[in-house]
Amino acid sequence: MMDYAGRVALADTYPKLLRLNAREHGDEIALREKDLGLWRLFTWNDYQRRVRDFALGLVELGLGRDDVIGMIGDNRPDWVAAEIATHAIGGLSLGLYRDVLDEEAAYLLNYGEARLVFAEDEEQVDKLLTLADRVPKLQHIVYSDPRGMRKYDDPRLMPVEKLAEIGRARAAREPGLYDSLVDATKGEDVAVLCTTSGTTSHPKLAMLAAGRVLRHCATYLTFDPKGPDDEYVSVLPLPWIMEQVYVLGKGLLCRMKINFVEEPDTMMNDLREIAPTFILFAPRVWEQIAADVRAKVMDATPLKQGLFELGMRSGLAALAQGKHSSFADMILFRSLRDRLGFTRLRSAATGGAALGPDTFKFFQAMGVPLRTLYGQTEMLGAYTLHPEGKVDPDTTGVAMADDVEIRIDNPDIHGVGEIVVRHPNMFLGYYKNPEASLADIKDGWMCSGDAGYFNENDQLVVIDRIKDLAETSRGERFSPQFIENKLKFSPYIAEAVVLGAGRDTLAAMICIRYSIISKWAEKSRLSFTTYSDLASRPEVYALLQKEVETVNATLPPAQRISRFLLLYKELDADDGELTRTRKVRRSVINEKYAGIIDAIYRGDANIPVDTVIRFQDGTTQRVRTTLRVVDLGGHGHMAEAAE
């Protein structure tokens, strides 16, 4: 096994570790990027030169220690190069989600007083220029993709190749400058401002020290080793803490090859070409893959559908006995893994939110070595993971090291309480917000805000956010998230919000998975025009009723859905209904849909809706429809379709 801690002792910042890798392994492949259908290779020497050119270009523009520099766009080699270059000059990197709303982008850039932003393309540049008057400190916008940029005439704009050219000229004049800058970097200095996912309108910025990230990565890698022969495909947003850990921290430390897909839409094709040895997907990605597989089965011949069902039954039966079915592998799983690009997987993980146990078992039965990780941005990402060979879909595993301490505060009679944790490499506090730091850190322990307990095998079980745990008017406790995840295992359900806090029964608002139900509708010769129109069709309601009833059959009577409706739109992070990591913001949902929720519990069979949907590009659409409520308790009937 590689001496991960020893590497960090030699180089405790990203620029130092990159330089060390370039000196020792300069001609080895570090990164790949799919561009125009071809994979472009970047060696450690290429990587180092790009970072040096960017860093000295930034110095030439007058940027330096403690300056905040932003990045926005898709995951690209230039993003990671820009981030390491920022650290090399003593600056702080701030990643923005590419679909961030103008309001949130303005808030974050102003709050951080960002002087320069690396933007991928025209879309991101346009967004930044729109914010011109609201972000007065922003002096430079450096863009990577020149397409569509000729129409702009703004002195702040600069192509990334121009920045690199300026940097090369500075390097020619001062050959030793870059190394002196790198030598001056310190592992305990703040290097990364990482947005917390949170459920508030404005995320906090966690201050992360690169040395701490690298030491925590060394702990992680000791528990779950990776090395230069591993292939990782980067698909989750780089502003998220876990993608920071994998692409930058672990990528630099264990030298696994990082691959960047061409576009989000080409992810599965690009994944199959690389055939990674390790993947990390958020639950929504695993759910989408499972739904897509089931959708393709729906279009298959009766023979193939029968083989799929037989293979799944055999695989799940073997899994229940702790085994893997060779028969299921022969008739189904081997070819399925090949189609998905999972043929070389040695390790796979999910994190960021809960993944339903049904979806988890679907992939386990397939032979995907899936494990759950758990952590927080403030704790530098994950600190628990399933031990190899001891995977329990209902838990998040065990602490990765002895110095990761986890306890349950204020447990109830069942041992359920708040998860609190500490380890040597935590965040340094919240940027410009010491009050929040004091509120979340108590005597060195981080209060997670999550409810959980340890099971009989000492594995951590995470139930839900404490504030989201609910109780009916009859005193029966339930976890909305647990029921929502069971619903989302259906290929037809994209999102669900379970209601019932303080009420006598549980109800659900469901968002259809449009891509799959539209295909089902076409195959069924069911005409429709829009998402709202399709969601209102009685045939779709009948289809979804079967799915809800299937889930109800697996739940205790007190936790079963008694009424449900299909929403007229998808829940969207742009509307504040979800966080950027796709967690439901229940306070926003309860406020925004208060009238609909009250109507559900009044027993209304029809709920008229007349509202306006605003899209990300600023356009709007008026929606006038009638939501129909299905009563599964025998106390009502589905209304007839609205005219």
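Worth pointing out:
- Probe 1.4 Å, all protein chains present, accessible-area order of 446, 1, largest first: 1, 446
- The chain: relative contact order in percent, alpha carbon pairs under 8 Å with at least 6 residues between: 10
- Residue-normalised accessible area of the range 189-285, expressed per residue, 1.4 Å probe, Å²: 26
- Remark on residue 499: its backbone amide H falls under 5 Å from those of 507, 508, 509, a criterion applied only to residues 5 or more positions apart or on other chains, H modelled at 1.01 Å from N.
- Between residue 555 and residue 39, the distance separating the two model label sites (each 7 Å from Cα on the Cα→Cβ line) works out to 4.4 nm.
- Heavy-atom accessible surface of the chain: percent carbon and sulfur, 1.4 Å: 50
- Using θ = phi - 60° and Karplus 6.51 cos²θ - 1.76 cosθ + 1.60, couplings along the range 332-348 (whole Hz; Gly, Pro as x): 9, 5, 4, 5, 5, 4, 5, 5, 8, x, 9, 5, 9, 4, 9, 7, 8
- Per residue accessible area in Å² of the range 100-165, where ligands, DNA and RNA are left out and the probe is 1.4 Å: 50
- Nearest-10 value in Å² for the accessible area of residue 326, using the 1.4 Å probe: 90
- Since only 107, 57, 128 are under comparison, the one whose Cα sits farthest along the positive direction of the charge dipole of the range 1-128, derived from C-beta charges on Lys, Arg, Asp and Glu, is 57.
- Eligible aspartates and glutamates near residue 569 by straight Cα distance, threshold 12 Å, same-chain separation 8 or greater: 495, 533, 577
- Residue list for the range 54-92, given a label point 7 angstrom along the Cα-to-Cβ vector of residue 202 and an amide N cut-off under 20 Å: 68-71
- Computed over protein heavy atoms with a 1.4 Å probe, the accessible surface of the range 559-619 works out to 46 Å² per residue.
- Over 29 Å (Cα to Cα) - which of 34/323; 546/583; 250/304; 151/204; 137/257; 16/432 fall in this group: 34/323; 250/304; 151/204; 137/257
- Dipole of the chain, positive end: most advanced residue of 331, 89, 237 [Cβ charges, Cα centre]: 331
- Shape of the range 254-301, Cα gyration tensor, a/c cut at 1.5: prolate
- Between 478, 213, 365, the Cα set farthest toward the positive side of the dipole of the chain (charges on each charged residue's Cβ, about the Cα centre) is that of 365.
- Length-normalised contact order of the range 1-89 in % [C-alpha pairs under 8 Å, at least 6 apart]: 27
- In the chain, the calculated helix contribution to ellipticity at 222 nm averages -10500 deg cm²/dmol per residue, counting -39,500 (n - 2.57) for every DSSP H run with n ≥ 4.
- For a paramagnetic label modelled on residue 174 (point 7 Å from Cα along Cα→Cβ), amide N atoms under 19 Å away belong, within the range 54-76, to 54-68.
- Cα gyration tensor category, rounded, prolate or oblate, for the chain with a/c compared to 1.5: prolate
- If R0 is 22 Å, the Cβ-Cβ spacing of residue 10 and residue 344 corresponds to a FRET efficiency of close to 0.10.
- Here the spin labels are modelled as points 7 Å beyond Cα on the Cα-Cβ line, and at residue 414 and residue 402 they lie 3.4 nm apart.
- Distance between the pseudo-spin-label points of residue 99 and residue 477 (7 Å out from Cα toward the beta carbon): 3.4 nm.
- Per-residue SASA remark: residue 591, around 150 Å² accessible (1.4 Å probe; ligands, DNA and RNA not included).
- Here the chain carries DSSP beta bridges of which approximately 60% are antiparallel, counting only pairs with both residues inside.
The values are calculated or read from the model by the stated rules, or taken from the named source; none is laboratory data. Since this is a predicted model, take the numbers as computed values, not measurements. As a convention, Cβ positions derive from the backbone with ideal geometry for all residues, glycine included, and neighbour counts pool all protein chains shown. These accessible areas exclude ligands, DNA and RNA; they are computed on the full protein's heavy atoms, side chains included. Shrake-Rupley method; radii C 1.70, N 1.55, O 1.52, S 1.80 Å.
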